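Accompanying notes for the structure given below.
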Amino acid sequence: MNICVIGTGYVGLVTGVSLSEIGHHVICIDVDEDKVTKMKKGISPIYEPGLSELMAKNIKEKRLRFTTSHSEGLQQAAVVYIAVGTPENKDGSADLSFVAQAAKDIAENVEHDVIVVTKSTVPVGTNAMIKEIVQTHLSDGLQVEVVSNPEFLKEGSAIHDSFHGDRIVIGAENEQAFSIIEEINQPFRVPIFKTDIKSAEMIKYASNAFLATKISFINEISNICELLGANIENVSTGMGLDQRIGSQFLKAGIGYGGSCFPKDTKALIQIAGNVEYEFELLKGVVNVNKKQQGILIGKLNDCLPVISGKKIAVLGLAFKPNTDDMRESASILITEELIKLGAEVVAYDPIAMDNAKTILSSKVQYADSIERAVDNSDAVLILTDWDEIKNVDLAVFHKMKRPLVIDGRNCFTLEAMEKNGIDYHSIGRPVSAKLIEAAPI
Ligand code: UGA
């Protein structure tokens with residue numbers, strides 16, 4: 001099948017590459033010339049495990065192309081995927097201007113009937129809007145069908161998720177459209193769920209909102225565990241064994257970040273608000289997350305009442321491991337607060353430092369290894385559970401003035417930290433080591 005994908009952000013690029021890998025001829029359009037030049041050479045603009053390899057392979061096998069030209073991209077495509085961004089407006093709603101522009105570009109450049117598949121996360125009713133825009137601008141006699149086909153890929157494991165997802169949701173209003181999109185997706189061998197368009201649009205928001213709710217729920221439970229002396233790891237494990245609850249997304253930490261949960265939860269509150277429904281539960285989820293992102297500062301303050309002038313090492317900056325994405329990462333809020341309190345902040349992340357430099361305060365310093373960041377510091381804050389951090393030799397913390405580690409991701413066992421004489425404060429667990437007398441302030 002000849003497929004065109006409009007937009008090569010994380011969703012569009014992974015979609016285009018995966019579709020080419022299962023045998024389709026895919027051309028991806030992006031307006032960014034530098035990005036397209038790089039992608040033509042097989043260079044991925046984002047860090048995503050396995051993506052560059054599949055890009056290079058499918059470019060070589062002539063199933064994957066990139067262009068900045070809408071006419072070139074759309075001429076032969078029987079099916080066009082819209083995968084442009086839907087950023088957050090000031091009021092939390094989704095900005096649909098890129099989606100509307102893509103719809104217009106499709107109409108003005110196709111010379112045949114077309115099926116438009118929406119991958120971008122869009123509010124209920126947007127596919128109807130897309131259909132109207134395309135139909136209005138399409139040459140006389142041509143027909144358009146729209147299909148909602150939301151993505152459920154996690155950054156850092158997006159390629160794996162494409163081939164091992166739990167379901168592919170197809171929302172359509174026409175049997176022919178259903179069967180073409182079903183046929184395109186068949187080689188993924190992932191179960192397909194067919195439904196109406198509005199429900200498909202809602203499945204995407206409801207799924208992200210539910211996962212975000214699970215995270216805020218477990219974070220609140222972890223805060224209560226701390227007050228009562230229970231251990232959140234044991235609580236999560238015990239809860240997760242109930243198949244009705246499930247063990248995933250019950251990891252307490254410093255809140256959810258990234259380009260999806262923060263934006264989609266707020267957008268769903270707006271979507272509900274537009275039909276005069278107050279989504280109280282989801283508002284709570286968002287507020288809890290905001291609080292949780294700042295929780296490590298309070299823990300640090302309990303250990304170091306005066307933060308001004310102290311060297312604080314920050315390990316991990318990305319919103320989660322295996323990505324260089326810094327969007328809505330708790331590291332933004334935490335480093336800002338540390339700088340405001342007068343700390344000297346030295347950060348390390350295995351992959352996200354280049355992106356971090358464009359986002360974090362210019363006062364943040366960067367180290368090229370965990371060891372250099374930690375050296376002679378007064379406290380270590382762990383913000384991302386990278387394998388490199390989880391597997392570090394614990395002796396490294398003895399390079400600090402005194403070993404004080406405040407871990408927002410529960411990377412280490414209490415036993416290991418205690419055995420190594422490290423004053424360790426984590427999320428929802430008892431403090432492991434009271435071995436070391438607090439240093440004089
Ligand atoms: C999320 C969804 O998981 C995907 O299904 C969806 O397709 C995607 O959004 C999207 O809408 O595009 P993603 O944002 O890449 O994927 O990352 P997640 O793995 O879901 O993690 C989101 C945040 O929640 C991270 O900050 C992570 O550290 C945090 N998290 C996750 C927890 O704090 N605890 C958990 O148990 C799980």
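The values are calculated or read from the model by the stated rules, or taken from the named source; none is laboratory data. This structure is a prediction, so every number in the text was calculated from the model and none was measured. Cβ coordinates were reconstructed from backbone atoms using ideal geometry, including for glycine residues, and neighbour counts include every protein chain displayed. Calculation scope for accessible area: heavy atoms of the full protein, side chains included, ligands and nucleic acids excluded. Shrake-Rupley method; radii C 1.70, N 1.55, O 1.52, S 1.80 Å.
When the range 400-427 is limited to residues that are touching a Ser or Thr at 6+ places or on another chain (Cβ under 8 Å) and part of a helix (DSSP H, G or I), the one that is surrounded by the most Cβ atoms within 10 Å (Cβ to Cβ) turns out to be M417. Once the range 218-271 is narrowed to residues that are among the acidic types (D, E) and touching a residue at least 60 places away in the same chain (Cβ under 8 Å), the residue that is surrounded by the fewest Cβ atoms within 10 Å (Cβ to Cβ) is E220.
Give all pairs with beta carbons closer than 8 Å in which a residue from the range 303-331 that is in contact (Cβ under 8 Å) with a residue 24 or more places away in the chain and among the aromatic types (F, W, Y) meets a residue that is open to solvent by 40 Å² or more (accessible area, probe 1.4 Å) and within 12 Å of the ligand (Cβ to nearest atom); count only pairs at least 6 apart in sequence or on separate chains. Partner pairs satisfying both residue conditions: F319/R327; F319/E328.
Return yes when I197 is aliphatic (A, V, I, L, M), away from the ligand (no atom under 12 Å from the Cβ) and surrounded by 19 or more Cβ atoms within 10 Å (Cβ to Cβ) and no when it is not. Walk me through it before giving the result.
On the way: aliphatic (A, V, I, L, M): yes; away from the ligand (no atom under 12 Å from the Cβ): yes; surrounded by 19 or more Cβ atoms within 10 Å (Cβ to Cβ): yes.
Spelling it out, I197 is indeed aliphatic (A, V, I, L, M), away from the ligand (no atom under 12 Å from the Cβ) and surrounded by 19 or more Cβ atoms within 10 Å (Cβ to Cβ).
If you filter the range 272-282 down to residues that are without any contact (Cβ under 8 Å) to a residue 40 or more places away in the chain and either acidic (D, E) or within 23 Å of K320 (Cβ to Cβ) (or both), you find that the one that is farthest from the ligand (Cβ to nearest atom) is E276.
Being of a type outside the set (S, T, Y), in a helix (DSSP H, G or I) and either in contact with a Gly (Cβ under 8 Å, 6 or more places away or on another chain) or open to solvent by 30 Å² or more (accessible area, probe 1.4 Å) (or both) is the filter here; which residues of the range 164-194 pass it? Full working, then the answer.
Restricting attention to the range 164-194, the residues satisfying the condition of being of a type outside the set (S, T, Y) are 164-178, 180-194.
With the extra rule that they be in a helix (DSSP H, G or I), the set shrinks to 164, 175-178, 180-188.
Within the range 164-194, H164, E175, Q176, I180, E182, E183, Q186, P187, F188 qualify.
Quickly run through the range 368-394 and pick out the residues that are among the aliphatic types (A, V, I, L, M), open to solvent by less than 10 Å² (accessible area, probe 1.4 Å) and in a loop (DSSP other than H, G, I, E, B). Listed by number, the list holds a single entry, L383. Within the range 19-35, the presence of a residue that is out of contact with any His (no Cβ under 9 Å at 6 or more places or on another chain), within 16 Å of the ligand (Cβ to nearest atom) and open to solvent by 20 Å² or more (accessible area, probe 1.4 Å) is excluded. Look at D354 and say whether it is in a helix (DSSP H, G or I), within 13 Å of the ligand (Cβ to nearest atom) and among the charged types (D, E, K, R). No: the conditions fail for D354. May I ask you to verify whether T213 is at pLDDT 95 or above, in the same structural domain as S259 (by TED's automatic domain parsing) and within 27 Å of the chain's Cα centre (by Cα)? Against the criterion (at pLDDT 95 or above, in the same structural domain as S259 (by TED's automatic domain parsing) and within 27 Å of the chain's Cα centre (by Cα)), T213 qualifies.
So that you can scan it fast, the table gives a plain yes or no per residue for (1) among the acidic types (D, E); (2) modelled with pLDDT under 95; (3) assigned to a loop (DSSP other than H, G, I, E, B); (4) more than 16 Å from the ligand (Cβ to nearest atom):
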{"site": "L227", "(1), (2), (3), (4)": "no, no, no, yes"}
{"site": "S236", "(1), (2), (3), (4)": "no, no, no, no"}
{"site": "I254", "(1), (2), (3), (4)": "no, no, yes, no"}
{"site": "G284", "(1), (2), (3), (4)": "no, no, no, yes"}
{"site": "Q292", "(1), (2), (3), (4)": "no, no, no, no"}
{"site": "K299", "(1), (2), (3), (4)": "no, no, no, yes"}
{"site": "D302", "(1), (2), (3), (4)": "yes, no, no, yes"}
{"site": "V306", "(1), (2), (3), (4)": "no, no, yes, yes"}
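Is it fair to say I159 is more than 16 Å from the ligand (Cβ to nearest atom) and either touching a residue at least 60 places away in the same chain (Cβ under 8 Å) or open to solvent by less than 30 Å² (accessible area, probe 1.4 Å) (or both)? Here the answer is no, as I159 does not meet what is asked.
Considering only residues in the range 134-156 that are near the ligand (Cβ under 9 Å from one of its atoms) and not acidic (D, E), the one that is farthest from the chain's Cα centre (by Cα) turns out to be P150. Among residues of the range 340-351 that are assigned to a loop (DSSP other than H, G, I, E, B), those with a beta-carbon under 6 Å from a residue that is crowded, with 24+ Cβ neighbours inside 10 Å and not hydrophobic (A, V, I, L, M, F, W, C) at least six positions away or on a different chain give the pairs D349/G316.
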